[in-house]
């Protein structure tokens, strides 16, 4: 029996290391293809440059970095209040039978392909923005709304788990001191679950920054520095998705270099979320 346990343990260890190895190979390939172009152009010129004209040797990705953060910021503005409200409702007020329906429904949002979100935004949301708010409609605002809904499952599920993981005496102690139900939630439980909630927001940001297909469809893909939410923009991911099919030479390497910057941003966000989750458990 012990021999079988050791064999199973080694097989599982091998599988775990193979997953890490695959991630390492992907990172090695991306960095190997992208770093030479970054050093050739110069890190400062590449990251802070505002002209992206590969045919003329101009590889500045600052407008796409700014566009990525504008869209992500707009998605967070929509997704965080709505997601946190849903998490509080599910953990505190939802009857068990209704919760059995709501939780799978919310998780189903994560299973919808991003192209469906993009198509819905293109047909419904873009004309509304264009007709009632002005601009081309294919804008940061449209992309932010779509991403706001796409990150809801992440924020809701992790925030709800954080609230449910709190010891029962947090709530009962607040109620015993004369707090109302809402005061116990907002003044005691939410601050106590802050680390998990912040981790869910950071993971939602990573999901938003990494989205490609829906953003290609509704952002307008203009390579320029955005000045308002009604402007068209291009993100780091959409830049790679649009141009990789025909890029070659330095242009192709520049797209891999864009992937390097995106990889670093998402790694920083995910590491921050992991650190906050560990802080919550300690």
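The values are calculated or read from the model by the stated rules, or taken from the named source; none is laboratory data. Because the structure is predicted, anything quoted here is derived from the model rather than measured. We place every Cβ from the backbone using ideal geometry, glycine too, and count neighbours over all the protein chains shown.
Here are the criteria: (1) within 12 Å of residue 230 (Cα to Cα); (2) surrounded by 13 or more Cβ atoms within 10 Å (Cβ to Cβ). Tell me which single one residue 121 does not satisfy.
(1)
Just give me the residues in region 177-219 being surrounded by fewer than 23 Cβ atoms within 10 Å (Cβ to Cβ), touching a residue at least 24 places away in the same chain (Cβ under 8 Å) and not in a helix (DSSP H, G or I), in sequence order.
Of everything in region 177-219, just one residue is surrounded by fewer than 23 Cβ atoms within 10 Å (Cβ to Cβ), touching a residue at least 24 places away in the same chain (Cβ under 8 Å) and not in a helix (DSSP H, G or I), namely 212.
Specify which of the listed residues (271, 248) is part of a helix (DSSP H, G or I) and free of Cβ contacts under 8 Å to residues at least 60 places away in the same chain. Please lay out each step first, then the result.
Values: 248 fails: part of a helix (DSSP H, G or I).
Matching residue, one of 271, 248: 271.
Can you pull out the helices (runs of 4 or more DSSP H) entirely within region 1-116 that have at least 2 residues that are farther than 30 Å from residue 252 by Cα and free of Cβ contacts under 8 Å to residues at least 40 places away in the same chain?
Of the helices (runs of 4 or more DSSP H) lying wholly inside region 1-116, those with at least 2 residues that are farther than 30 Å from residue 252 by Cα and free of Cβ contacts under 8 Å to residues at least 40 places away in the same chain span 2-41, 62-88, 96-111.
Rundown of residues vs (1) in contact with a strand residue (DSSP E or B) (Cβ under 6 Å, 6 or more places away or on another chain); (2) surrounded by 14 or more Cβ atoms within 10 Å (Cβ to Cβ); (3) within 16 Å of residue 240 (Cβ to Cβ), yes/no style:
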position: 34; (1), (2), (3): no, yes, yes
position: 41; (1), (2), (3): yes, yes, no
position: 47; (1), (2), (3): no, yes, yes
position: 52; (1), (2), (3): no, yes, yes
position: 56; (1), (2), (3): no, no, no
position: 65; (1), (2), (3): no, yes, yes
position: 71; (1), (2), (3): no, yes, yes
position: 75; (1), (2), (3): no, yes, no
position: 83; (1), (2), (3): no, yes, no
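Just checking, which of 152, 147, 108, 122 is at pLDDT 90 or above and more than 15 Å from the chain's Cα centre (by Cα)? I'd like the intermediate steps shown before the answer.
Numbers: 152 fails: more than 15 Å from the chain's Cα centre (by Cα); 147 fails: more than 15 Å from the chain's Cα centre (by Cα); 108 fails: at pLDDT 90 or above.
Selected residue: 122, the only one of 152, 147, 108, 122 that is at pLDDT 90 or above and more than 15 Å from the chain's Cα centre (by Cα).
Looking at 71, 53, which is the one that is at pLDDT 90 or above, outside the structural domain of residue 162 (by TED's automatic domain parsing) and within 27 Å of residue 219 (Cα to Cα)? Step through it out loud before you land on a result.
On the way: 71 fails: outside the structural domain of residue 162 (by TED's automatic domain parsing).
Residue meeting the stated conditions: 53.
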